[in-house]
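Novice: Let me begin by handing over the structure; questions about it come next.
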Amino acid sequence: MTLESAEKRSFVTEWGVQQGMHVMGVKTPVEYLQLTKKYRAAEISKLVTQDVLLLAGRHDHLVPLEIFSRQIAALTTVRSLTARLFTEADQAENHIQVGNIGLGLQVIIDWLDRILTYR
């Protein structure tokens, strides 16, 4: 299946590609896909040494769930790592916790309060 046919079958795919093209400043889906290949966290994750909060939604339509586990494993030199996977029970299992954005924001605020208290 080509990207063009995938876009025709799925509004979410079409939106994702179009939004990606806009954000990356490119004119075609092929340019977008070629450019995204340059962005990988694996090489730089080991350089992160600060406190990290990593959030994910179990049913994120843009970021596959496997990325969450791989990113956790790659952050080997962080001062601290807090990871939260939002699920259907949270009603925040989608991209950027759509469905329960308030919970996502509360998790961020609580994490900041904990981190800033320990400094």
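The values are calculated or read from the model by the stated rules, or taken from the named source; none is laboratory data. Not measured: the values here are computed from a predicted model. Cβ placement follows ideal geometry from the backbone for every residue including glycine, while neighbour counts extend to all protein chains displayed.
Novice: For segment 66-80, does any single residue satisfy the condition of being assigned to a helix (DSSP H, G or I), farther than 22 Å from residue 13 by Cβ and of a type in the set (Asp, Glu)?
Specialist: no
Novice: List the pairs whose first member sits in segment 93-115 and is closer than 25 Å to residue 50 by Cα, whose second member is of a type in the set (D, E, K, R) and at pLDDT 95 or above, and whose Cβ atoms are under 6 Å apart, counting only residues at least 6 apart or on separate chains?
Specialist: Within 6 Å, the pairs are 103/90; 107/84; 115/51.
Novice: Just the residues that are surrounded by 14 or more Cβ atoms within 10 Å (Cβ to Cβ) and either out of contact with any His (no Cβ under 9 Å at 6 or more places or on another chain) or in a strand (DSSP E or B) (or both), please, taken from segment 92-107.
Specialist: 92, 96, 97, 98, 99, 100, 103, 104, 107
One line per residue, one yes/no per condition, for (1) outside the structural domain of residue 14 (by TED's automatic domain parsing); (2) among the polar types (S, T, N, Q); (3) out of contact with any helix residue (DSSP H, G or I) (no Cβ under 6 Å at 6 or more places or on another chain):
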{"residue": "52", "(1), (2), (3)": "yes, no, yes"}
{"residue": "61", "(1), (2), (3)": "yes, no, no"}
{"residue": "65", "(1), (2), (3)": "yes, no, yes"}
{"residue": "69", "(1), (2), (3)": "yes, yes, yes"}
{"residue": "73", "(1), (2), (3)": "yes, no, yes"}
{"residue": "76", "(1), (2), (3)": "yes, yes, yes"}
{"residue": "82", "(1), (2), (3)": "yes, yes, no"}
{"residue": "89", "(1), (2), (3)": "yes, no, yes"}
{"residue": "94", "(1), (2), (3)": "yes, yes, yes"}
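Novice: Would you confirm whether any residue within segment 27-43 is of a type in the set (Gly, Ala, Ser), over 13 Å from the mean Cα position of the chain (by Cα), surrounded by 12 or more Cβ atoms within 10 Å (Cβ to Cβ) and under 22 Å from residue 104 (Cβ atoms)?
Specialist: no
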